[in-house]
Amino acid sequence: MIRHAVVAQRTVAPIPLPDILLSGRPETPERAAAYGLLDRMLRDVGPITVADLIKDDLGRPYCPSRPGLSVSVAHTDGAVAAAVSTEGRVGIDVEAATLYDPIVGDLVLTPAQRASIESAEKPDDLFLRLWTRKEAIGKALGVGIEKDVLACAAENDTVFLREIRFRVSDLRAPTGCHASLAIEQI
C-alpha cells in the first residue's frame, strides 16, 4: 500500500505535534498541517496516529510498532505533502516556485543537469523538478541531501543509489509549487 497527497495548506486541519516530532524546531502552521495530512493517512492505515511516531537519529519519523511502515512529510509556503508506504521506503518533497540561481546549481546539480537547465525553455521549473526529486530520494534513504544524492540522475524515473532502486515521479501540486515522490522498488 502506497498513499500520498500534496494539497494546499489551508485545506488541512493542523494538529498539535508531540515534542519528539518537533526535534527542537518551532511548531509552525505549515509543519502542523503537514503532520495533520499524515495523521489522516495513518488513521486510514490504522490503528496508528502521528502520536505513535518518533524520529530516528537523522530526524526521519517512523512508527516503532510498525517496522514495515515508511512515512514522509514535507511543507512549503502554502502547500503540504505526506506519503505512507508498506511496500518500501518512501520520500516526498514539495517546494514553492523559486528562481534558478546558477551559484546554487553549481552546488546541487551535476554538470549535465546544469547544462539542461541553462538550455531549458523554463529553467526555474526544471531546477525545481530536479531539486524536489533529489529531496524525495534523500528522504526515502533517510539521509537527506548528501553528496551521492546530489550527484544522482534525478531526471530519470528510476534511480539506483546505494544499491537501492527508487521509482521517482513528479506529483500534481498546488499552483506555484512542485512536488516529487520517491518509492523504494523491492
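With respect to ARG43, determine if the residue is surrounded by fewer than 17 Cβ atoms within 10 Å (Cβ to Cβ), of a type in the set (D, E, K, R) and either within 18 Å of LEU22 (Cβ to Cβ) or at pLDDT below 95 (or both). Spelling it out, ARG43 is indeed surrounded by fewer than 17 Cβ atoms within 10 Å (Cβ to Cβ), of a type in the set (D, E, K, R) and either within 18 Å of LEU22 (Cβ to Cβ) or at pLDDT below 95 (or both). Scanning region 70-86 for residues that are within 20 Å of MET1 (Cα to Cα) and either modelled with pLDDT under 95 or not hydrophobic (A, V, I, L, M, F, W, C) (or both) yields SER70, SER72, SER85, THR86. Consider region 68-111 and keep the residues that are more than 20 Å from THR28 (Cβ to Cβ) and among the polar types (S, T, N, Q). The one that is surrounded by the fewest Cβ atoms within 10 Å (Cβ to Cβ) is THR86.
Which count do you get for residues in region 20-76 that are touching a Leu at 6+ places or on another chain (Cβ under 8 Å) and closer than 16 Å to GLY144 by Cα? Final tally of qualifying residues: 5. Number of residues in region 18-40 that are on the phi < 0 side of the Ramachandran plot, among the hydroxyl-bearing types (Ser, Thr, Tyr) and surrounded by fewer than 16 Cβ atoms within 10 Å (Cβ to Cβ) equals 1. Exactly one residue out of ARG129, ARG165, ARG133 is among the basic types (Lys, Arg) and farther than 21 Å from VAL6 by Cβ, and it is ARG165.
Within region 142-186, if we keep just the residues that are within 22 Å of ARG114 (Cα to Cα) and among the acidic types (Asp, Glu), the residue that is surrounded by the fewest Cβ atoms within 10 Å (Cβ to Cβ) turns out to be ASP157.
The values are calculated or read from the model by the stated rules, or taken from the named source; none is laboratory data. Predicted model, so just to flag it, every value in this text is computed and none were measured. Positions of Cβ are generated from backbone atoms using ideal geometry, with glycine treated the same way; all protein chains shown enter the neighbour counts.
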